[in-house]
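**Student:** Here's a structure for you.
Derivation of every value follows stated rules applied to the coordinates shown; laboratory data play no part. Here the structure is a predicted model, which means the values were calculated and not measured. When we count neighbours, we look across all protein chains shown, and the Cβ atoms used for this are built from the backbone with ideal geometry, even at glycine.
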C-alpha cells in the first residue's frame with residue numbers, strides 16, 4: 001500500500017538534458033557567455049538584419065493593390081525607412097551610454113516618466129519579442145519553402161522544430177549560441193551583399209523565367225494616394241524591429257560593455273541600411289512584384305545570380321539566419337523579464353539564473369508564447385506582419401522621449417544636440433506608431449492593442465500582490481524572536497519492514513513523539529485477522545513507537561490518515577509533521593510500481609498551514625544495510 005516515491009526517476013532524462021545544456025557554470029565563469037561586437041551581430045542583431053526578407057516584400061505587397069505602376073514607390077519609401085533607421089541607431093547608441101544596465105525602453109521610461117510609463121514600454125516590448133520569434137521563424141521557413149516547395153505541407157512542424165533548437169541553444173548560454181550562429185550569419189551578410197552587388201553591376205539571371213504566377217491585379221484596386229503610401233511605409237517599418245535589442249542587452253557584452261554595444265549598434269545600422277537600399281533599387285529596376293510561391297527576396301536573388309549554386313547557398317543561409325533571428329528576442333526578453341521581476345512586476349523566478357548562468361525561466365516563457373502563436377497562425381508570415389512593429393515602435397517613442405528628459409536633467413556636454421536628435425526621433429516614431437494603428441488595425445493590429453493593456457494589467461496585479469506580501473511578511477523590519485515548539489511525527493506504513501524501520505528512525509531524529517499509522521479496509525474478509533497480526537508483529541518488534549490502525553469502509557486510504565491528522569491538530573498544541581517513506585527503485589521503469597500513497601497524501605496535505613509534510617526517500621538496495 002505505502003512504499004515510497006522517486007526512485008532513480010528521470011536519471012537518464014536528466015543525463016540527456018545535462019548533455020544538451022552542458023555542465024553548470026560558476027558565477028565567475030559568466031564572462032564565458034558574454035559576447036563581442038561581431039558575436040553581437042549573430043546574438044542580438046539577426047532580427048533586424050534578416051528583416052530584409054520580409055520588410056521590402058511588405059512594401060511591395062501593399063503597393064501592388066494599385067497595380068504595377070505603383071511599384072516605383074518602393075525606393076523612396078525605403079529611403080525614408082533607412083533615414084528613420086539612422087535616427088534610431090544613433091538614438092539607441094545614446095540609450096546604451098545613458099542606461100548601461102540594460103532594459104532599453106523600460107529602463108528609460110521608468111527612470112524619466114515613472115513606473116506606469118515603464119510598464120507600457122515593457123508590455124510593448126514583451127509583445128514585440130514574442131512576435132519577433134514567430135515572424136523570424138515563419139519567414140525562415142517561408143524562404144525554405146520558396147526554394148524547396150515540397151516542404152510547404154510541413155510548415156508548422158518545421159517551425160516548432162526550429163523553435164525547440166533555438167530554445168535549447170539559448171539555455172546553454174548566449175555566448176555559445178552567438179558563436180554557433182556566427183558562420184551562417186557571416187554567410188548571409190556577405191552572400192546577400194555580394195548578390196546585391198552582382199545585381200547592380202552585372203545580373204546573371206536577368207531573363208531567366210521565374211516560377212509561380214504574378215499576383216499583380218489586372219486593374220488597380222486602389223488609387224495611389226497618401227493613405228496607400230503611409231500604409232506601405234508602416235508595412236516596411238517591420239524592417240526596423242530589433243534595432244533596440246542591443247540597448248536592451250548591454251550587460252550581455254564583454255567589458256568595456258558600453259563601447260562594444262555601441263559598436264555593434266553602428267555595425268547593424270550600416271549593414272541593414274545597405275541591404276535595404278540595394279534590394280529596393282533592384283526591385284524597382286526589375287519591376288519585382290508579388291508572385292505565388294515566391295518571396296520578393298527570392299525573385300531578386302534569382303534574377304541577380306540565376307537559380308544556381310549561389311542562389312541555393314544563400315537561400316539556405318537566409319533560411320537558417322531568418323529562423324535564428326528569433327535569437328534576438330531570446331537575448332532581450334529574459335533580461336527585460338529579470339528587471340521586471342526585480343521591480344516586483346513579474347514573478348521572482350524570472351530573476352533567477354539557471355545552471356548555465358542564463359535567465360532560463362524567461363527563455364521558457366518566450367518559447368511557449370511564440371510556439372502557441374506559430375501554431376495559431378499556421379506559420380504564415382503575412383498573417384503576423386500586420387501585428388508586427390507596433391509594440392517596438394511604442395517602445396521607440398517612449399525611449400526617445402525619455403532621453404529628452406534625461407539629457408535635460410543631466411545636462412552633459414552638447415546635451416542640446418542629443419535632446420534635439422532624440423526629440424525628432426520621438427516625434428517620428430510616434431507618428432509611425434499612429435500610422436501603424438490606423439492602417440493595420442482591422443488587419444489584426446487590434447490584437448496588439450488588446451495584448452499590451454492585458455500585460456500591463458498582469459504586471460500591476462503581480463506588483464499589488466507583492467506589496468501585500470511584503471507588508472504581511474514585515475520585510476525590512478526586525479521580527480520577534482523565534483519560538484521553538486515540540487512536534488509529533490506521523491509515519492504512514494503498510495507493515496513491519498526495512499522501509500518502516502528506516503522511516504521510524506528518521507522520525508525519531510526529528511521528535512520524541514512518533515506515531516505510526518496503517519489503514520485497513522473494514523469490508524475485507526480477513527480484516528480482523530490482519531489487524532490482530534499487525535498489532536502482534538508490531539508488539540514483537542517493539543520499536544518504541546505507538547501504532548494506530550485506522551479502519552475504513554471506503555477504498556481511499558488517504559482520507560482516514562487525513563482525519564487522524566485533523567484530530568491530532570485539534571487536541572494537541574505540538575506541530576504535526578507527516579513523514580512519508582519513499583522508495584527509490586533501481587530502475588526508472590519500476591517507478592510506476594511505487595509511490596502511490598506518497599503522491600495522493602502529499603497532494604491532500606500540500607496547502608495545510610497547520611501540517612508540515614516531509615518525504616523520507618531511500619534507495620531500494622540501501623534498505624538492508626542502512627542503519628539509524
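**Student:** Just grab the label-to-label distance for residue 204 and residue 259, each label 7 Å out from Cα along the Cβ direction, in nm (one decimal).
**Tutor:** A separation of 4.2 nm, rounded to one decimal place.
**Student:** For a paramagnetic label modelled at 7 Å from the Cα of residue 68 toward its Cβ, which residues of segment 168-208 fall within the zone defined by backbone nitrogen distances under 17 Å?
**Tutor:** Zone members listed by number: 206-208.
**Student:** Next question. Give me 435, 59, 318 sorted ascending by neighbouring Cβ count inside 10 Å, so fewest comes first.
**Tutor:** 435, 318, 59
**Student:** Right, here's the next one. Within segment 564-584, find all residues whose amide N lies under 15 Å from a label point positioned 7 Å from the Cα of residue 619 along Cα-to-beta-carbon.
**Tutor:** Counting only backbone N, you get 583-584.
**Student:** Relative to the first principal axis of the alpha-carbon coordinates of the chain, what is the inclination of helix 226-236, with its axis defined by its Cα atoms, in degrees from 0 to 90 and to the nearest 10?
**Tutor:** 50
**Student:** If you don't mind, there's one more thing I want to ask. Full extension from residue 529 to residue 355: what is 0.36 nm times the residue separation minus their Cα-Cα distance, to one decimal in nm?
**Tutor:** 57.2 nm
**Student:** By DSSP, what percent of the beta bridges with both residues in the chain are antiparallel, rounded to the nearest 5?
**Tutor:** Percentage antiparallel, nearest 5: 5.
**Student:** Taking 0.36 nm per intervening residue step and subtracting the Cα-Cα distance, what contour gain separates residue 182 from residue 413 on full extension?
**Tutor:** Working: separation 231, 0.36 × 231 = 83.16 nm, distance 3.76 nm.
Full extension of this stretch gives 79.4 nm more.
**Student:** Something else: Relative to the longest principal axis of the C-alpha atoms of the chain, give the angle of the C-alpha long axis of helix 104-113, reported between 0 and 90° and rounded to the nearest 10°.
**Tutor:** On a 0 to 90 degree scale, this one is about 90.
**Student:** If the viscosity is 1.306 mPa s and the temperature 10 °C, what translational diffusion coefficient in µm²/s does Stokes-Einstein give for segment 487-622 when Rh comes from Kirkwood over Cα pairs?
**Tutor:** In µm²/s, the coefficient is 102.
**Student:** Can you work out the FRET efficiency for the pair residue 197 and residue 83, with r the C-beta to C-beta distance and R0 = 25 Å, to the nearest 0.05?
**Tutor:** The computed FRET efficiency comes out at 0.65.
**Student:** Helix 390-410 against the longest principal axis of the chain: what's the angle in degrees, Cα atoms only, rounded to the nearest 10?
**Tutor:** Approximately 90 degrees, to the nearest 10.
**Student:** For residue 450 and residue 165, what does the FRET efficiency come to when R0 = 35 Å and r is the distance between their Cβ atoms, rounded to the nearest 0.05?
**Tutor:** Computed FRET efficiency for residue 450 and residue 165: 0.70.
**Student:** Please arrange 613, 156 by how many other C-beta atoms lie within 10 Å of their C-beta, fewest to most.
**Tutor:** Final ranking by Cβ density, sparse to dense: 156, 613.
**Student:** For each of 79, 597, count neighbouring Cβ atoms within 10 Å of the residue's Cβ, then give the residues from fewest to most. All intermediate terms of the calculation are to be shown ahead of the outcome.
**Tutor:** Values: 79 14, 597 23.
By the 10 Å Cβ count, ascending: 79, 597.
**Student:** Now, a different point. If you count the DSSP beta bridges with both ends in segment 487-622, what percent of them are antiparallel, to the nearest 5?
**Tutor:** In segment 487-622, approximately 0 percent of DSSP beta bridges are antiparallel ones.
**Student:** For residue 512 and residue 148, what is the calculated FRET efficiency with R₀ set at 60 Å and r taken between the beta-carbons, to the nearest 0.05?
**Tutor:** 0.25
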